[in-house]
Structure formats: structure tokens, C-alpha cells
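Here the structure comes first, spelled out in C-alpha cells, and everything after it is commentary.
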Amino acid sequence: MRRGIFLYLLLTSLAQPALAQTTIFGTVHDQTGSPLAGVLVELSGPSSIARQTITDDTGRYGFDAVPAGLGRLAFSLVNFASLWEDVQSGSGTTVQVDTVLHLSLSADVTVTGARTFGNLADVPDPARNLVGIAESASQGAITARQLRTRPLMRTGEVLETVPGVVISQHSGEGKANQYYLRGFNLDHGTDFATTVAGMPVNMPTHAHGHGYSDLNFLIPELVSGVQFSKGPYFADQGDFATAGAANINYVDVLERPMVRVMAGGGGLGRALLAGSHPVANGRVLAAVEGEHNDGPWMRRDDFRKFNGLIRHTRGDSLGGLSIAGMGYQARWNSTDQIPRRAIDDGIIGRFGSLDTTDGGDSYRYSGSLEWQRTRHNTVTRASAYGIADNLNLFSNFTYFLDDPVRGDQFQQADHRFITGGRVSQRRLTRWHGRSVQSTYGVQVRNDGIPVVGLYHTERRQRLATVRRDGVLQTSAAGYGQNEMAWTPWLRTLAGARVDGYRFRVDADDPANAGLRRASVVSPKGGIVLGPFHGTEIYANAGTGFHSNDARGATITRDPRTGDAADRVTPLVRAAGAEIGVRTVAVPHLQTTATLWRLDLASELVFAGDAGTTEVGRPSRRHGIELANYYSPWQRMTFDADLSWSDARFTDLNPTGNRIPGSVGSVIAAGVTVEDVRRVSGSVRLRYFGGRPLVEDGSVTSRPTTMINVDGGYALSPRLRVSVDVFNALDARASDIDYFYVSRLSGEPEGGTADEHLHPALPRSVRISLTASF
């Protein structure tokens with residue numbers, strides 16, 4: 001009897017855990033709805049040892065024989081933010097936990113769609129998605145949804161979606177835009193690195209300016225997102241990324257083929273035909289664009305642009321292959337900046353010109369290949385590209401200062417072939433139970449520039465050669481970065497980058513020819529605390545560099561005067577740091593705040609207009625940035641970005657310590673409504689404050705405030721009409737201002753120091769019709 005009772009109790013106690021155990025299973029997708037294979041899923045709980053599994057090709061995972069009680073599921077995959085889910089399992093039950101992983105802001109992805117990038121404010125319970133979403137507070141991504149209803153006056157204004165960036169123009173529309181960010185007048189791209197579909201845009205040792213970045217070949221309707229970062233904190237970013245960097249991605253597929261036609265004031269006309277189609281185990285995307293624009297100028301711009309793209313892709317966000325070809329060409333007339341005294345004296349109007357033969361032409365043809373593969377905890381990526389780029393630009397900024405008879409017009413000619421590529425790998429591993437993500441890679445680039453020239457011209461006819469060079473510039477870099485999660489609330493970043501350069505200049509003046517080499521090592525680091533109640537805190541620091549025109553590295557004689565000239569350092573050190581916070585504690589609101597500082601050892605600038613290098617002074621910039629994105633309803637969003645910065649030279653000089661052209665304050669804000677009773681629209685405010693134009697701050701530019709409005713109505717599910725109104729209040733403002741010496745015809749020799757401005761476009765209306773089929 002006693003033996004029977006003991007046996008019964010023993011069997012009951014052994015069976016009880018089995019009866020209390022459960023099964024947990026589910027599926028993991030990305031934000032486009034595609035299943036994610038290779039996701040590491042970890043189950044932990046107070047009463048069990050942590051267990052792990054990997055999702056299969058359909059994104060499914062499962063755990064059997066799980067003890068009853070409260071547990072936690074953690075999901076992690078390279079390129080994606082980590083996610084956790086609390087799960088309550090009962091006795092003998094089955095629990096399904098499906099989840100969605102979101103791409104990290106620094107993700108390297110070959111195949112993208114309109115929904116690949118998202119904003120945390122649009123995600124249910126976004127606090128769970130914070131872990132690993134970013135490495136700094138100033139890192140971010142602009143989604144296709146944000147771009148869709150934003151009025152764009154110029155193609156380059158896609159970059160104005162980056163908080164703190166201002167885009168303007170001081171010449172014809174075919175020329176690269178003027179960029180401002182973090183106290184920099186970035187000229188045409190220096191210190192802001194831009195890539196489109198994996199290919200670099202910035203041009204080193206360029207005829208018009210080092211880092212020249214022309215985005216006129218971009219087709220905004222095809223952009224799937226803009227990933228951006230600021231500061232020299234990231235090991236995969238090198239030259240031109242001192243102030244920041246932006247990676248503009250293209251979609252690989254459109255939901256439907258589309259035709260868009262646009263017309264507006266100033267002779268504007270634009271047509272776009274784009275579509276995609278399944279083919280050969282993948283998709284082919286093709287687009288053709290044509291545009292003409294005269295603008296409000298007395299001398300019509302007659303800007304003519306033709307643009308085309310064809311791209312074959314296969315795969316998804318985990319892996320794939322992309323082969324693309326692009327072609328762009330344009331011709332235009334230019335109305336450059338004009339002296340204020342010419343307007344005040346009635347010589348010309350605000351939209352007039354003192355040299356009606358200025359203008360230019362350019363082309364860019366490119367081919368690229370991108371490949372990516374994800375295998376469990378490792379992402380390997382390789383890319384290669386080839387670009388043919390050409391610019392002929394005729395300008396006259398001083399009129400009759402140097403040549404009182406034939407004028408000061410000059411031509412800048414740049415013809416180059418670019419080849420390059422990169423290979424990188426990201427690996428997610430564990431070290432003593434801690435999650436570790438390691439990234440390493442190599443990058444190479446070669447710019448063969450058979451012609452980079454500066455010529456004195458009259459009415460676009462060459463009179464004399466100031467200098468003509470051939471340049472071969474080669475760079476190679478290796479980098480590594482490690483991100484370790486020490487605790488659930490503490491992550492550290494540590495990285496380093498090594499860059500090597502070779503400059504060979506064949507000059508028409510042998511005294512300016514030569515061969516130079518340079519290299520630099522740039523360490524990086526950061527700490528991330530949180531998330532705490534939907535908030536993460538970041539601290540980042542690092543060094544980078546600012547390269548200089550190869551011709552400045554070999555010069556010994558001024559090409560204009562024949563005087564001796566000093567060579568300059570090819571690579572100049574930059575050091576930066578920032579602290580910031582990112583929070584989604586308020587439902588549907590994402591806010592980031594950043595306090596930053598950036599030091600440059602020397603602001604060396606190659607003056608393409610003169611053919612010489614100007615040795616700049618050491619500088620320091622610091623500032624505050626605040627970015628907000630609020631989506632209280634699915635069809636309405638508010639955004640407001642505020643930036644303030646102070647830029648100063650740090651050496652002692654009686655001329656003053658203000659940096660000419662440095663922007664102090666920038667405000668960009670707007671409200672957007674999407675598809676409310678077939679109506680969509682947005683209203684946007686754009687403000688950038690006054691800028692010092694001389695070192696002592698005695699001359700400053702006026703602030704510029706613009707209101708832009710966009711409205712659209714869906715006539716049918718596949719036909720839509722839109723109206724864009726730019727400068728809706730018709731503000732009499734300037735796009736850009738300078739202060740320098742120029743001479744008008746008949747003025748005394750030596751010229752007159754004066755403010756020179758390029759007016760902002762007056763109120764203009766554009767109407768577009770978009771059909772999909």
C-alpha cells in the first residue's frame with residue numbers, strides 16, 4: 001500500500017512539469033511585409049536557461065517544452081534594430097508571437113522599396129524598436145512617405161529634408177547647388193559626402209571647386225529614402241563627411257508604371273515616364289525624364305535636361321543583386337550673383353545680368369553593380385561603379401576688374417573618368433554572453449582627370465589659358481567598427497579608419513607638376529545609454545579629415561601672377577564630438593536633440609576661379625539641433641527642425657574671427673495631410689538666418705524666409721492632379737550673398753567692395769498631372 005502511494009506521487013510529480021509546459025512560435029517580417037530568415041531569437045525567463053533558435057526561410061521560429069510563466073523573446077539580425085517581446089505562457093498552451101524588425105539607420109541595403117525605411121513615430125509601441133536603431137542622435141532616415149508630398153523647387157532639395165541642411169543656388173539651374181550645414185557654407189559639396197544608389201557624387205580636384213556635388217541627375221520620384229549622419233564618428237565614412245553625409249537610395253520596383261507631366265511659370269515644363277516589370281527572376285526599373293526651364297531671369301536660363309535610368313534587381317532586404325545604368329546631360333544659361341549697387345543705381349533689375357553669355361553644359365554617365373548576401377549572422381556586401389563626368393562652365397563674378405577691355409569671364413573645364421568600389425562585412429556574434437556587431441571593409445576610388453582647366457574667355461571664346469592640368473588621384477581605405485552591448489542599457493562603439501592618397505599632377509607649367517602621397521588614421525568612438533522609457537542617450541567623438549585639391553598639393557608658382565606659391569597639406573585633420581538624446585516616450589512623436597562641436601586644423605580651399613590655393617585658418621564650430629516628427633493620425637504629420645550654430649576662426653588675426661558665409665540659424669517646419677477624402681497637401685516654412693560676409697562681422701546678409709505650399713487631389717485611383725506654390729508670400733529675399741571687390745564698366749580701377757546677391761525666385765506656381773496604369 002505504502003509502495004503504491006509512493007509510486008503514484010512520484011509519477012504525478014514527474015508529469016506535472018510536462019503538463020505545465022507550452023509551445024511558443026511565430027513569424028518575423030521586415031517593415032515591407034517580407035519574411036526575414038536568419039533572425040536570432042532568444043528566449044529567456046526567470047525559471048529557465050536562455051534558449052536560442054534561428055528563423056527559417058519563411059521567417060518562422062519555434063520553442064517547444066517551455067515552462068509556464070513570464071518570459072522574454074529577443075530578436076536580432078544584422079542591419080536591423082533589435083526587438084524584445086514579453087510573453088506569458090500558461091499550462092499546456094500554444095502562444096504565437098509575430099513581430100516586425102526595422103532597418104537600423106546605418107543599414108547597408110542593396111534592394112529597397114518605398115516602404116523599406118520607416119519613422120519610429122509611425123510604429124506601434126516604438127520604444128521596443130530603439131535598441132540598435134541608431135549610433136548617434138544626429139543619425140536618421142527620411143522616408144519615401146515624407147518625400148512624397150514635399151514640394152521640391154530643385155532636385156537637390158531632396159537633401160533639404162535632412163534637418164539643418166539648406167539648399168540654394170547662385171547661378172544657372174544646371175550648376176550644382178549651394179549647400180549649408182552646421183555652420184558651414186559647404187560651397188557645392190565640400191565637407192558633405194553624398195552618394196546616390198551606391199555611387200559617389202562629390203568630385204575631388206574639380207575645376208569649379210573641390211567636392212563639387214551635382215544632383216541634377218537625381219529623379220526624386222524614384223527615391224526610397226535618404227539615410228543621413230553628421231560628424232566624423234563613423235568608420236565607414238571618409239573624405240567629404242566632416243560635417244555630414246547622405247546616402248540616397250532608389251527603389252527597385254514601382255507599384256505601377258507612371259507618367260507625370262508638369263508645367264509652370266518661367267517656361268517650366270517637365271515630363272517623366274517610369275515603370276518596372278518582372279523579368280529573369282528579378283525586376284527591371286526604367287525611367288526617362290526631360291525638363292526645360294527659363295526662370296524669371298531677363299536672360300532666359302533655357303535650361304534643358306535629359307535624364308534616364310535602367311536598373312535590374314533581384315532579391316530583398318537581406319540579399320540581392322543590382323545592376324544599373326544612368327545617363328544625364330544638360331545645357332543652360334546663367335544669371336550669376338550681381339552687385340547690389342548695380343540694382344540700386346538702376347543699371348539692371350534684380351533678375352538681370354551683367355554678362356549675358358555666362359552658362360554651361362554637363363553630362364554624367366554611369367554604370368554600377370551592387371551585391372549583398374545575408375547568411376545567418378553575417379552580411380557581406382560588394383559594389384563597383386564607373387562614371388564619366390564632364391562640365392564646361394562660363395562665369396564672370398568681377399566683370400571688368402582684371403581686364404577692363406574684354407572683361408573677366410572665365411571657363412572652367414572638367415572631364416574625368418571615375419572607377420571604384422568597396423567590400424564590407426557585418427557580423428553579429430556573442431562574446432561572454434554579450435551581443436557584438438562587428439563591421440569592417442575596404443574602399444577604393446580612382447579619378448582619372450585628363451583635363452581640368454581654367455581659361456580667360458570673352459563671350460564663351462577662349463582668350464588665354466590660365467592653367468591646364470591632368471590629374472590622377474587614387475585613394476584607398478580600410479576600416480573597422482565594433483558595437484558591443486555590455487548590458488541591456490549600455491552599448492559602446494569603437495572604430496578606426498585608415499586612408500591613403502596618391503596625387504599625380506601633370507601641369508602645363510612644370511613648376512606646378514608633381515607626385516605626392518598622404519595618409520591619415522581616424523579613430524572613432526561612442527556610448528549609447530538606454531532605452532529608458534522610450535529614450536536613448538548618445539555620446540560620440542571622433543576624428544576625420546578634409547582633403548584638398550591635388551593641384552594645391554603640388555603647386556609652387558601662382559598661375560596668374562607667376563609669384564612663388566606654397567604647397568598645402570593634402571589631408572587636414574578634423575575632430576568632433578556630440579551628445580544627444582532620441583525619445584519616443586510621447587506616443588507618435590520622435591524627438592532628437594544634439595549638442596555638437598567640430599574643429600578643423602585649417603580650412604584650406606582651392607579657389608577654382610583663380611587656379612590657386614587659399615591657405616585657410618583653423619576654426620571651431622559648435623551648435624544645437626532639435627528635430628521633431630509627430631504623426632498623431634495615420635494621415636497627418638507635423639515636423640519641425642531647428643538648428644543653431646556658431647562658427648569662428650580660432651587663431652589671432654586683426655581681420656576678425658567670423659567665418660564668412662557660415663549659417664547661424666535654420667528652421668524648417670511643416671504640416672502634411674495625406675489622402676483625406678482624396679485630398680493631400682502640405683505647408684512648409686523655410687528660414688535661414690543672416691550670415692557674416694566678412695571676417696569682422698561688419699557686413700551680414702539678410703535672413704531668408706520662404707513659405708511653400710503643395711496640394712493634390714485624386715481624380716481617380718490612378719489619376720492625380722497637384723499644385724505647388726513656391727515662395728507663396730512672394731518674399732523679396734536672396735538665395736545667397738557674398739561681399740567682395742568687383743568693377744563695373746566705367747568705374748575707377750581697383751573696383752568697389754560691395755555685396756553681391758543672387759535673388760530667390762519670386763512666387764511661382766507649378767501644376768502636375770500624374771497617371772498610373
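The values are calculated or read from the model by the stated rules, or taken from the named source; none is laboratory data. In this text, all values refer to a predicted model and were calculated from it rather than measured experimentally. Don't worry about glycine lacking a Cβ; one is built from the backbone with ideal geometry, like all the others, and counts go over all protein chains shown. For the accessible areas, the whole protein counts, side chains as well, though only heavy atoms, and no ligand, DNA or RNA atoms are used. Shrake-Rupley method; radii C 1.70, N 1.55, O 1.52, S 1.80 Å.
Can you give the helix-only mean residue ellipticity at 222 nm for the chain, where every DSSP H stretch with n ≥ 4 adds -39500 (n - 2.57) and the sum goes over all residues, rounded to the nearest 500 deg cm²/dmol? If you can, show how the numbers build up before the last one.
Details: 4 runs with 34 residues, N = 773.
Here the helix-only value at 222 nm equals -1000 deg cm²/dmol.
How would you classify the stretch 189-258 from its alpha-carbon gyration tensor, with a ≥ b ≥ c the square roots of the eigenvalues: rounded for a/c under 1.5, else prolate if a/b is greater than b/c, otherwise oblate? Judged from the Cα gyration tensor, the stretch 189-258 comes out oblate (a/c at least 1.5, b/c at or above a/b).
Evaluating 6.51 cos²θ - 1.76 cosθ + 1.60 at θ = phi - 60° for every residue in the stretch 630-641, the Karplus couplings come out as 10, 10, x, 10, 4, 9, 9, 9, 10, 9, 8, 10 Hz, glycine and proline recorded as x. Computed over the stretch 239-285, the alpha-carbon pair-distance distribution with 5 angstrom bins reads 5, 14, 14, 13, 12, 13, 15, 12, 2, 0, each value a whole percent.
Volume of the convex hull of the stretch 249-334 (Cα atoms only), normalised per residue: 99 Å³. The angle between the Cα long axis of helix 2-20 and the longest principal axis of the Cα atoms of the chain comes to about 20 degrees, rounded to the nearest 10. Indicate, rounded to the nearest 5 percent, the antiparallel portion of the DSSP beta bridges found entirely in the chain. So the antiparallel bridges amount to about 95 percent of the total.
Please list, short to long, the whole-number percent of alpha-carbon pairs of the stretch 518-643 in consecutive 10 angstrom bins beginning at zero. Per 10 Å bin, starting at zero, the Cα-Cα P(r) for the stretch 518-643 comes out as 11, 27, 23, 18, 13, 6, 1 percent.
Rolling a 1.4 angstrom probe over the protein heavy atoms with all chains in place gives the stretch 379-503 an accessible area of 40 Å² per residue. Rolling a 1.4 Å probe over the protein heavy atoms leaves residue 636 with an accessible area of roughly 40 Å².
Taking the charge dipole of the chain about its Cα centre, with +1 at Lys and Arg Cβ atoms and -1 at Asp and Glu Cβ atoms, the residue from 158, 699, 269 reaching farthest to the positive side is 158.
Peptides 231-238, 64-71 ordered by packing proxy, namely the average of other Cβ atoms within 10 Å per residue, highest first: 231-238, 64-71.
Taking label positions 7 Å along the Cα-Cβ direction at both residue 535 and residue 745, the computed distance is 6.5 nm, reported to one decimal.
Ignoring ligands, DNA and RNA, what percent of the 1.4 Å accessible area of the stretch 624-756 is carbon and sulfur?
Carbon-and-sulfur percentage of accessible area, whole number: 59.
All Cα-Cα separations within the stretch 332-400 were binned at 10 Å from zero, giving a P(r) of 17, 25, 17, 14, 13, 11, 4, 0, each value a whole percent of the pairs.
Electrostatic tally near residue 321: other residues with Cβ closer than 13 Å to its Cβ, Lys and Arg +1, Asp and Glu -1, net +2. Normalised by the number of residues in the chain, the mean separation of alpha-carbon contacts (under 8 Å, six or more apart) gives a relative contact order of 11 percent. Mean projected area of the Cα convex hull of the stretch 358-485, taken over all directions, amounts to 11.3 nm².
Just in the stretch 460-507: which chymotrypsin sites (Phe, Trp or Tyr not before Pro) are loop by DSSP and have at most 15 other Cβ atoms within 10 Å?
For chymotrypsin sites (Phe, Trp or Tyr not before Pro) across the stretch 460-507 that sit outside H, G, I, E and B with at most 15 neighbouring Cβ atoms in 10 Å, the list reads 489.
The largest accessible area among 101, 652 belongs to the first residue in 652, 101, and the rest follow in falling order (1.4 Å probe, all chains). Building the convex hull from the alpha-carbon atoms of the stretch 118-255 and averaging its projection over directions returns 9.3 nm².
Placing unit charges on each Cβ (+1 for Lys and Arg, -1 for Asp and Glu) gives the chain a dipole about its Cα centre, and among 496, 429, 242 the Cα reaching farthest toward its positive end belongs to 429.
Residue 653 sits among other residues whose Cβ lies under 9 Å from its own Cβ, and their net charge, with Lys and Arg +1 and Asp and Glu -1, is -1.
Rolling a 1.4 Å probe over the protein heavy atoms gives the stretch 671-728 an accessible area of 46 Å² per residue.
Trypsin sites (Lys or Arg not before Pro) within the stretch 662-754: which are DSSP loop residues with at most 16 other Cβ atoms inside 10 Å?
677, 678, 718, 732
When +1 charges are put on Lys and Arg Cβ atoms and -1 charges on Asp and Glu Cβ atoms, the dipole computed for the chain relative to its Cα centre reaches about 2100 debye.
Remark on the stretch 477-541: Rg and Dmax equal 20.7, 65 Å (Cα only). Measuring nothing but how far apart in sequence close Cα pairs (under 8 Å, 6+ apart) lie, relative to its length, the stretch 187-300 scores a relative contact order of 21 percent.
What does the charge count near residue 416 come to, summing +1 for each Lys or Arg and -1 for each Asp or Glu among other residues with Cβ under 11 Å from its Cβ?
-2
Would you mind checking the stretch 267-295 for residues with the amide N under 13 Å from a putative spin-label position 7 Å along Cα→C-beta of residue 259? In the stretch 267-295, the label zone of residue 259 (backbone N under 13 Å from the point 7 Å along Cα→Cβ) covers 271-275. Taking one quarter of the surface of the C-alpha convex hull of the chain gives a mean projected area of 36.0 nm². Across the alpha-carbon atoms of the stretch 445-556, the computed radius of gyration and Dmax are 22.5, 69 angstrom. Simple spin-label estimate for residue 93 and residue 636 gives 3.8 nm between the two label positions (7 Å along the Cα-to-Cβ direction from each Cα). A simple rule links phi to the HN-Hα coupling: the Karplus curve 6.51 cos²θ - 1.76 cosθ + 1.60 with θ = phi - 60°, which for the stretch 218-235 gives 6, 10, x, 5, 9, 6, 8, x, 10, 8, 9, 8, 9, x, x, 10, 10, 5 Hz, with x for Gly and Pro. Taking the Cα centre of the stretch 428-532 as reference, the dipole from Cβ charges on Lys and Arg (+1) and Asp and Glu (-1) amounts to some 180 debye.
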